[in-house]
Amino acid sequence: MHKKTPISRRMFLRSKQSITVGVEFLNWLAKREVDLQNLSQSDLDDWVAGGNTTRLVADRFLNWARRSRLVNTDLKMARHRRGTASRMSLAEQRQANADLSDAEAMDLRDRAAGVLVLVFGQRVEDIVRLTWSDVTITPASVTIRLAGMSLPIPSPFDDL
């Protein structure tokens, strides 16, 4: 008899995410009227390109489907890995910050988005979803609503 150990919260959340993304992928295929037997590499590429990196979690479903011979075993999807984004060197960070400070180097919106990424560590996929209703400007402060909370933008970044 095997000793039963409790499932960690992390394991539970990973499994839940795998199931959720797998269901989203199957629903996406159904809307496109593609069944698993006819799934193509082009379909997989469209799935990945059409959303954020969380879509890569579907690789877990795809691996199961390949092992079960429900799809072509040659199909490939990049593996989902957290924290694997390349890091900028200090010199690259300084240059990027200099570019953000130069009003002629890039468009104002791009500069504002760059500040949210470089200075505040926000994800690009979250920034592109922002609307003006997420920004509050008062004579005393500027705040942006991200991840369900208001983030105060200090000077000099509040000018952007």
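Has segment 84-106 got at least one residue that is closer than 30 Å to Q41 by Cα, touching a residue at least 12 places away in the same chain (Cβ under 8 Å) and in a helix (DSSP H, G or I)?
No, the conditions are met nowhere in segment 84-106.
If only one of R87, R69 is modelled with pLDDT of 90 or more and open to solvent by 90 Å² or more (accessible area, probe 1.4 Å), which one is it?
When all the criteria are applied, what remains is R69.
I need the full set of residues from segment 107-133 which are assigned to a helix (DSSP H, G or I), touching a strand residue (DSSP E or B) at 6+ places or on another chain (Cβ under 9 Å) and surrounded by 11 or more Cβ atoms within 10 Å (Cβ to Cβ), in order please.
First pass over segment 107-133, keeping only residues assigned to a helix (DSSP H, G or I): 108-118, 124-127, 132-133.
Narrowing the set further to residues that are touching a strand residue (DSSP E or B) at 6+ places or on another chain (Cβ under 9 Å) leaves 116, 126-127, 133.
Within segment 107-133, L116, D126, I127 qualify.
Taking the condition of being more than 26 Å from M88 (Cβ to Cβ) and open to solvent by 70 Å² or more (accessible area, probe 1.4 Å), how many residues in segment 137-148 meet it?
4
The values are calculated or read from the model by the stated rules, or taken from the named source; none is laboratory data. The structure presented is a predicted model; accordingly, all values stated were derived computationally and were not measured. Positions of Cβ are generated from backbone atoms using ideal geometry, with glycine treated the same way; all protein chains shown enter the neighbour counts. Side chains are part of the model used for accessible areas, which takes the heavy atoms of the whole protein and leaves out ligands, DNA and RNA. Shrake-Rupley method; radii C 1.70, N 1.55, O 1.52, S 1.80 Å.
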